[in-house]
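Take a look at the structure set out below.
The values are calculated or read from the model by the stated rules, or taken from the named source; none is laboratory data. Fair warning: this is a prediction, and the values are worked out from it, not measured in the lab. Cβ placement follows ideal geometry from the backbone for every residue including glycine, while neighbour counts extend to all protein chains displayed. In case anyone asks, the SASA skips ligands and DNA or RNA and just uses the protein heavy atoms, side chains included. Shrake-Rupley method; radii C 1.70, N 1.55, O 1.52, S 1.80 Å.
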Amino acid sequence: MTKITYRFDLEKYSTLRRKLVEQRLAEYLAPKEPHKLWEAMRYSVLSAGKRIRALLCIACAEAIDIKESQSQKSNEIGEELPFVPCLMETVLPLCCAIEMVHAMSLIHDDLPSMDNDDLRRGKPTNHKVFGEAVALLAGDALLVYGTQILLEKTPRTVEANTLISVAQAMAKAIGPEGMVGGQIFDLAFTGSPAASDNNMVYTSDIEAVERIHLYKTAALIRFSAWSGACIAGASTEQLAVIDQYASVLGLAFQIADDVLDVTADISCLGKTPGKDQVLHKSTWVTCFGLDGAHKKLNELEAEGFTLLDNSDLANYSQATLKALLRYAIHRKK
Ligand code: GRG
């Protein structure tokens, strides 16, 4: 069968969906007591993030919901498919939980005991505004509140077993087998070679850096994609392909981040560039140079496209997921 090529407008696709996520986040984070805590939570979550994890979650839910017949129709009339309101209702609490967990990881990552950053999303970091104690607690509160939102607000049309699987996968993506573990690997390989933890077994620089990236960054990105598909009723085969795709995207997203740390300026990035070199971080760029990073990004883009081409996802969904992968790799901030 001839492959249909879509002209996919990611900006148009993202704008509406991002707005829905942000409206819902603002609703869940409406001011309450203790005021200082909610203010600190809102400060970080509602600031100008790209929302790629939420968009990925929605796109993967839609990829399971959209059938090839709808996909072809949209191509004939040359228009993007509208979002399905009930699917959006199903997935929005999950998207918000993910964005809250992500924001908490940024708050903690910026603390003086971690990366010690002053600027995030173009604004002073949470601890610079609220102090370290409140920033720490705002992060803790977001982590738990995200889980509460997922379990409390996901519509009861989602089967209990599905919701349990999603909550279990979220815990795994966050904990020692995910982000927290990744942050420990990251800290262990930060600083002079003597600072690295010699108890960690790794056979090469590639393996060490890839492990940091997969745990620290790709785990939550993989969860975002997988959970969107899962909650929309994906088959085991569909979940496997989405997970492989998101693993590629997650690694690419962090390598692109490493590249931007040396190529982008502060106003575009919204955070201080050049920190990886200053902190002697093990990143794709500090280990393999900019050329090495670009080469790897090209390989990952090709790998992600092939995975999607060989999948049974509708053409329209393949185009959406390809556009998100392209964005993760070629973004300017
Ligand atoms: C999760 C319990 C728990 C603790 C946190 C600090 C920490 C443990 C993990 C660090 C995770 C981290 C900050 C990874 C970096 C991932 C990354 C590239 C973040 C930037 O994401 P963007 O570019 O940010 O999507 P915006 O601001 O656009 O949302």
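Assess whether residue 162 counts as being open to solvent by less than 70 Å² (accessible area, probe 1.4 Å), more than 13 Å from residue 104 (Cβ to Cβ) and in contact with a Cys (Cβ under 9 Å, 6 or more places away or on another chain).
Taking the combined requirement at face value, the residue satisfies it.
Does residue 245 satisfy the criteria of being open to solvent by 60 Å² or more (accessible area, probe 1.4 Å), within 20 Å of residue 170 (Cβ to Cβ), in contact with a helix residue (DSSP H, G or I) (Cβ under 8 Å, 6 or more places away or on another chain) and modelled with pLDDT of 95 or more?
Considered against the rule, which asks whether it is open to solvent by 60 Å² or more (accessible area, probe 1.4 Å), within 20 Å of residue 170 (Cβ to Cβ), in contact with a helix residue (DSSP H, G or I) (Cβ under 8 Å, 6 or more places away or on another chain) and modelled with pLDDT of 95 or more, residue 245 comes out as no.
Just the residues that are open to solvent by less than 70 Å² (accessible area, probe 1.4 Å), modelled with pLDDT of 90 or more, more than 18 Å from residue 105 (Cα to Cα) and not hydrophobic (A, V, I, L, M, F, W, C), please, taken from segment 165-210.
Answer for segment 165-210, where residues must be open to solvent by less than 70 Å² (accessible area, probe 1.4 Å), modelled with pLDDT of 90 or more, more than 18 Å from residue 105 (Cα to Cα) and not hydrophobic (A, V, I, L, M, F, W, C): 165, 210.
What number goes with the only condition from (1) of a type in the set (A, V, I, L, M, F, W, C); (2) open to solvent by 20 Å² or more (accessible area, probe 1.4 Å); (3) modelled with pLDDT of 95 or more that residue 60 does not pass?
(2)
Listed residues 162, 147; which is within 19 Å of the chain's Cα centre (by Cα) and not in a loop (DSSP other than H, G, I, E, B)?
147
When segment 248-271 is examined, which residues are found to be more than 13 Å from the ligand (Cβ to nearest atom), farther than 30 Å from residue 309 by Cα and either open to solvent by less than 10 Å² (accessible area, probe 1.4 Å) or not charged (D, E, K, R) (or both)? Can you show your working first?
Step one: filter segment 248-271 for residues more than 13 Å from the ligand (Cβ to nearest atom), giving 248, 262-263, 265-267.
Filter again for farther than 30 Å from residue 309 by Cα, leaving 262-263, 265-267.
Answer for segment 248-271, where residues must be more than 13 Å from the ligand (Cβ to nearest atom), farther than 30 Å from residue 309 by Cα and either open to solvent by less than 10 Å² (accessible area, probe 1.4 Å) or not charged (D, E, K, R) (or both): 262, 263, 266, 267.
Evaluate segment 100-118: report whether one residue or more is within 10 Å of the ligand (Cβ to nearest atom), farther than 24 Å from residue 215 by Cβ and either of a type in the set (Ser, Thr, Tyr) or surrounded by fewer than 24 Cβ atoms within 10 Å (Cβ to Cβ) (or both).
No, the conditions are met nowhere in segment 100-118.
All but one of (1) open to solvent by 10 Å² or more (accessible area, probe 1.4 Å); (2) in contact (Cβ under 8 Å) with a residue 40 or more places away in the chain; (3) part of a helix (DSSP H, G or I); (4) more than 26 Å from residue 233 (Cβ to Cβ) hold for residue 322, so report the exception by its number.
Going through (1) open to solvent by 10 Å² or more (accessible area, probe 1.4 Å); (2) in contact (Cβ under 8 Å) with a residue 40 or more places away in the chain; (3) part of a helix (DSSP H, G or I); (4) more than 26 Å from residue 233 (Cβ to Cβ) one by one, residue 322 breaks only (4).
Would you call residue 304 at pLDDT 90 or above and either open to solvent by 40 Å² or more (accessible area, probe 1.4 Å) or closer than 20 Å to residue 249 by Cα (or both)?
Yes: the conditions hold for residue 304.
Out of all the residues in segment 228-283, which are under 28 Å from residue 126 (Cα atoms) and in a loop (DSSP other than H, G, I, E, B)?
264, 265, 270, 271, 272, 273, 274, 279, 280, 281, 282, 283
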